[in-house]
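K.L.:
Encoded as structure tokens, here's the structure I'll be asking about.
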Amino acid sequence: MRLYLSSFRMGDHPDRLLALLRERPAHADVAVIANALDAQAEPERSAGVRREADELTRLGLRPAEVDLRDFFDRPGDVIGEVLAPFPMIWVRGGNVFLLRHAMARSGADLALTALLRRDATVYAGYSAGACVLAPSLRGLEECDDPQVVPAAYGDPLTWEGLGVLDHAVVPHVDSPGHPETEVLTAVAARYRAEGVAHRALRDGQALVIDGPDARVY
């Protein structure tokens, strides 16, 4: 399993991201999943996707958005076939509950976990894109509004993460200048007090997992 989980955007270690691609670092195709932005108006959402694409392009990668809404209520193997050829999948931040809902309704949750079990792709991203991998999303409602899911789609939300990790990831901790640093620093403190396994990341840092090796840079 290969993961690059940044606190904010690309972080300070894009070299570690590219290293996870092994023999295909140059001009690799990257699927960009931006459904954590689905509550935003389309012009703002599109601008957010372009910003991700521009940053990935500067690294020599070839990004293409895969909008999970296009796969809602279709058989899960459809999104699995779309994602399978990509050597990297980049999942950007936003609202973690929207992202989790889009993954569930499209079948991307099962497709992604299957790809990671086979070490068939690199999963990379930041903020909500990292948080969604935890066993549970409980606690993140202090930062992200979970009610956007029923408001946007009329569907109940889920509190379960993908369970790819055995711990939570808390981004933007002790990161002056980030608007969510205060609330997420408090979430990390709450997790510590309650004994919830987690890793806290400051902006610039990334949790990099390559097989059995896991470290924060």
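The values are calculated or read from the model by the stated rules, or taken from the named source; none is laboratory data. No experiment lies behind these values; they were computed from the predicted model shown. Neighbour counts run over all protein chains shown; Cβ positions are idealised from the backbone, glycine included. Calculation scope for accessible area: heavy atoms of the full protein, side chains included, ligands and nucleic acids excluded. Shrake-Rupley method; radii C 1.70, N 1.55, O 1.52, S 1.80 Å.
K.L.:
Residues of the stretch 1-29 being surrounded by 21 or more Cβ atoms within 10 Å (Cβ to Cβ) and in contact with a helix residue (DSSP H, G or I) (Cβ under 6 Å, 6 or more places away or on another chain), which ones?
P.N.:
TYR4, LEU5
K.L.:
Find the residue count for the stretch 62-97, including only residues that are part of a helix (DSSP H, G or I), at pLDDT 95 or above and in contact with a helix residue (DSSP H, G or I) (Cβ under 7 Å, 6 or more places away or on another chain). Explain how you work it out, then say what you get.
P.N.:
Restricting attention to the stretch 62-97, the residues satisfying the condition of being part of a helix (DSSP H, G or I) are 68-71, 76-83, 96-97.
When the remaining residues are screened for being at pLDDT 95 or above, the result is 68-71, 78-83, 96-97.
Still in the list and also in contact with a helix residue (DSSP H, G or I) (Cβ under 7 Å, 6 or more places away or on another chain): 68-69, 71, 78-80, 83, 96-97.
Number of matching residues: 9.
K.L.:
Looking at the stretch 97-105, is at least one residue surrounded by fewer than 23 Cβ atoms within 10 Å (Cβ to Cβ) and farther than 14 Å from VAL30 by Cβ? Give the steps one after another, and end with the answer.
P.N.:
Step one: filter the stretch 97-105 for residues surrounded by fewer than 23 Cβ atoms within 10 Å (Cβ to Cβ), giving 104-105.
Going one step further and asking which of them are farther than 14 Å from VAL30 by Cβ, we end up with 104-105.
The answer is yes, given that some residue of the stretch 97-105 is surrounded by fewer than 23 Cβ atoms within 10 Å (Cβ to Cβ) and farther than 14 Å from VAL30 by Cβ.
K.L.:
Given the criteria surrounded by 16 or more Cβ atoms within 10 Å (Cβ to Cβ), more than 14 Å from the chain's Cα centre (by Cα) and under 26 Å from LEU59 (Cα atoms), does LEU110 qualify? Can you show your working first?
P.N.:
Details: surrounded by 16 or more Cβ atoms within 10 Å (Cβ to Cβ): yes; more than 14 Å from the chain's Cα centre (by Cα): yes; under 26 Å from LEU59 (Cα atoms): no.
No.
K.L.:
I need every pair where a residue in the stretch 64-91 that is touching a residue at least 24 places away in the same chain (Cβ under 8 Å) and within 24 Å of MET10 (Cβ to Cβ) has its Cβ under 7 Å from the Cβ of a residue that is part of a loop (DSSP other than H, G, I, E, B) and open to solvent by 50 Å² or more (accessible area, probe 1.4 Å), sequence separation at least 6 or different chains.
P.N.:
Going by the 7 Å Cβ cut-off, the qualifying pairs are PRO87/ARG24.
K.L.:
Based on this model, can you work out whether PRO146 counts as farther than 19 Å from GLY80 by Cα, surrounded by fewer than 22 Cβ atoms within 10 Å (Cβ to Cβ), modelled with pLDDT of 95 or more and not polar (S, T, N, Q)? Working first, answer last.
P.N.:
Numbers: farther than 19 Å from GLY80 by Cα: yes; surrounded by fewer than 22 Cβ atoms within 10 Å (Cβ to Cβ): yes; modelled with pLDDT of 95 or more: yes; not polar (S, T, N, Q): yes.
Yes: the conditions hold for PRO146.
K.L.:
Among the listed residues GLY93, GLY125, identify the single one that is buried (at least 23 other Cβ atoms within 10 Å of the Cβ) and on the phi > 0 side of the Ramachandran plot.
P.N.:
On the way: GLY93 fails: on the phi > 0 side of the Ramachandran plot.
From the options GLY93, GLY125, the qualifying one is GLY125.
K.L.:
Is it fair to say ALA84 is surrounded by 16 or more Cβ atoms within 10 Å (Cβ to Cβ) and closer than 19 Å to THR121 by Cβ? Step through it out loud before you land on a result.
P.N.:
On the way: surrounded by 16 or more Cβ atoms within 10 Å (Cβ to Cβ): no; closer than 19 Å to THR121 by Cβ: yes.
Against the criterion (surrounded by 16 or more Cβ atoms within 10 Å (Cβ to Cβ) and closer than 19 Å to THR121 by Cβ), ALA84 does not qualify.
K.L.:
I'd like to check something: does the stretch 19-26 contain any residue that is under 17 Å from the mean Cα position of the chain (by Cα) and not aromatic (Phe, Trp, Tyr)? Show your work before the answer.
P.N.:
First, pick out the residues of the stretch 19-26 that are under 17 Å from the mean Cα position of the chain (by Cα): 20.
If we keep only those that are not aromatic (Phe, Trp, Tyr) too, we end up with 20.
Checking the stretch 19-26: at least one residue is under 17 Å from the mean Cα position of the chain (by Cα) and not aromatic (Phe, Trp, Tyr).
K.L.:
Now a separate question. Picking from PHE8, PHE86, PHE72, which residue would you name as being aromatic (Phe, Trp, Tyr) and within 27 Å of THR181 (Cα to Cα)? Walk me through it before giving the result.
P.N.:
Values: PHE86 fails: within 27 Å of THR181 (Cα to Cα); PHE72 fails: within 27 Å of THR181 (Cα to Cα).
Residue meeting the stated conditions: PHE8.
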